[in-house]
Amino acid sequence: MTTSVKSGSKVKVVELGKEPAIDKLKSTEREAGALKRHEVRVAIKAVSLNYRDLLVVKGHYAKLYEGATTPGGTPLIPCSDGAGEVVEIGEDVSRFKIGDRVAGIFMQGWIGGEINAEIGRTALGGSIDGVLRESVIFEQEGLVHVPEHLSYEEGSTLPCAAVTAWNGMIYTGKIKAGDTVLTLGTGGVSIFAVQFAKMMGARVIVTSSSDEKLARLQKEFGVNKNDCINYKNNPEWDKQVLSLTGKRGADHTVELGGAGTMSKSVNATRVGGHISVIGVLASGESDFNPINVLMKTIRLQGIYVGSREMFEDMNRAISQHKLKPVVDKVFKFEDAIKAFQYMESQAHFGKVVIKL
Ligand SMILES: NC(=O)c1ccc[n+]([C@@H]2O[C@H](COP(=O)([O-])OP(=O)(O)OC[C@H]3O[C@@H](n4cnc5c(N)ncnc54)[C@H](OP(=O)(O)O)[C@@H]3O)[C@@H](O)[C@H]2O)c1
């Protein structure tokens, strides 16, 4: 797709209208817009999908996260994660030059330090328009460089899933060599959790509904066969984790299921351990009992993606270790609806990407 997007021209976009549904996503055009002095125009080359984008498109996100997010109005351009090439810069831009390969940060206002409510209202593809379009105008502060060894498709996977895993396990969880990390499923966040745990010299225990996906974890990431648990065949996977760790439990759990898995995650985590509370994959009725958290002095930490500072720290580690994100399947821009449907089927392993 051409990158010759200029102020005054039109760009192709995908929009979510008033009726939320995957098959109601609409291809249309918008004005490219003019740059302000400190802004950067990025020709988007790849967009990666997150479970959250599915929730947004299906109209579930605002209900689930009531009070924690301000949904944007409609029409809304979905998707938080995009990578592309800088094609135009405002006169005061100092962080980037034309031709740079960049990715947008999930919350455009979270540069460093603590998050606050105002920052939470700057999330791409939720509170504000996202990146599923030919070009985006970003504030220069809202972008990072993509690690050199990564393609645009790989770079597009970083802003949400990778930064979330990094924030949960490394920035907040402070895992170290020899620790045991437990992560749930083989979606985007979980596969980054596996990769970062390995990078840090930790042992990783992974659950999945699929023996084929568990076999890939052994083959491609050297996860120990015994540390791969099929949670469909073994609904008491928490007990399995305790047994695998000599009754100690995991030092750190990447909690992606929410209400439906929290009790088991608490059971599977060691006394004094840490749980990153991240996901809602198994939301529904919960038998969660806080007594187990206090009696085990477990630290439960809510994680909402992360800041640009965390993203840049993570990118240094990714570059140093030449870590490659796992891209499961790449769809054409014209096939955005098919990409969402594939993501919804949960057939993927790692990330689903749309190429522009
Ligand atoms: N708090 C934040 O900042 C933040 C950031 C990113 C994501 N999230 C949340 O984290 C979760 C994961 O996001 P994602 O984008 O990585 O999702 P994803 O790629 O769509 O992950 C899908 C995979 O999750 C696994 N899964 C589904 N139900 C499960 C269950 N009951 N128990 C264990 N695994 C299950 C399945 O793996 P198998 O096929 O192997 O069974 C499925 O293929 C979502 O709830 C998302 O909303 C939160």
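The values are calculated or read from the model by the stated rules, or taken from the named source; none is laboratory data. Worth saying up front: this structure is predicted, and the values here are computed from it rather than measured. We place every Cβ from the backbone using ideal geometry, glycine too, and count neighbours over all the protein chains shown.
Numbers for the structure displayed
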quantity: Among the candidates Lys296, Lys225, Lys198, residue that is under 28 Å from Lys322 (Cβ atoms), surrounded by 15 or more Cβ atoms within 10 Å (Cβ to Cβ) and outside the structural domain of Ile111 (by TED's automatic domain parsing); calculated: Lys198
quantity: Residue in the stretch 45-60 that is within 18 Å of Phe333 (Cα to Cα), among the small types (Gly, Ala, Ser) and under 21 Å from the mean Cα position of the chain (by Cα) present; calculated: yes
quantity: Any hit, the stretch 182-191, residues being assigned by TED's automatic domain parsing to the domain that holds Ser345, over 19 Å from Gly130 (Cα atoms) and not aromatic (Phe, Trp, Tyr); calculated: no
quantity: In the stretch 130-146, residue farthest from Gly82 (Cα to Cα) [restricted to those that are part of a loop (DSSP other than H, G, I, E, B) and within 17 Å of the chain's Cα centre (by Cα)]; calculated: Val146
quantity: Among (1) more than 15 Å from the ligand (Cβ to nearest atom); (2) under 24 Å from the mean Cα position of the chain (by Cα); (3) at pLDDT below 95, the one test that Asp251 misses; calculated: (3)
quantity: Any chance Gly187 is touching a residue at least 24 places away in the same chain (Cβ under 8 Å), more than 14 Å from the ligand (Cβ to nearest atom) and touching a strand residue (DSSP E or B) at 6+ places or on another chain (Cβ under 9 Å); calculated: no
quantity: Scan of the stretch 302-355 for residues that are within 12 Å of the ligand (Cβ to nearest atom) and acidic (Asp, Glu), ordered by number; calculated: Asp328, Glu344
quantity: Tally, over the stretch 282-313, of residues that are in contact (Cβ under 8 Å) with a residue 24 or more places away in the chain, over 13 Å from the mean Cα position of the chain (by Cα) and assigned to a helix (DSSP H, G or I); calculated: 7
quantity: Search result, residues across the stretch 196-227 that are within 22 Å of the chain's Cα centre (by Cα) and either within 13 Å of the ligand (Cβ to nearest atom) or more than 23 Å from Gly178 (Cβ to Cβ) (or both); calculated: Ile205, Val206, Thr207, Ser208, Ser209, Ser210, Lys213, Leu214, Arg216, Leu217, Val223
quantity: Given (1) in contact with a helix residue (DSSP H, G or I) (Cβ under 6 Å, 6 or more places away or on another chain); (2) of a type in the set (Val, Ile, Thr); (3) crowded, with 24+ Cβ neighbours inside 10 Å; (4) over 20 Å from Gly272 (Cα atoms), index of the condition Thr157 fails; calculated: (1)
quantity: Residues being under 20 Å from Ala46 (Cβ atoms) and either part of a loop (DSSP other than H, G, I, E, B) or among the basic types (Lys, Arg) (or both) - total across the stretch 7-23; calculated: 1
quantity: For Gly279: the one exception among (1) part of a loop (DSSP other than H, G, I, E, B); (2) touching a Leu at 6+ places or on another chain (Cβ under 6 Å); (3) more than 9 Å from the ligand (Cβ to nearest atom); calculated: (3)
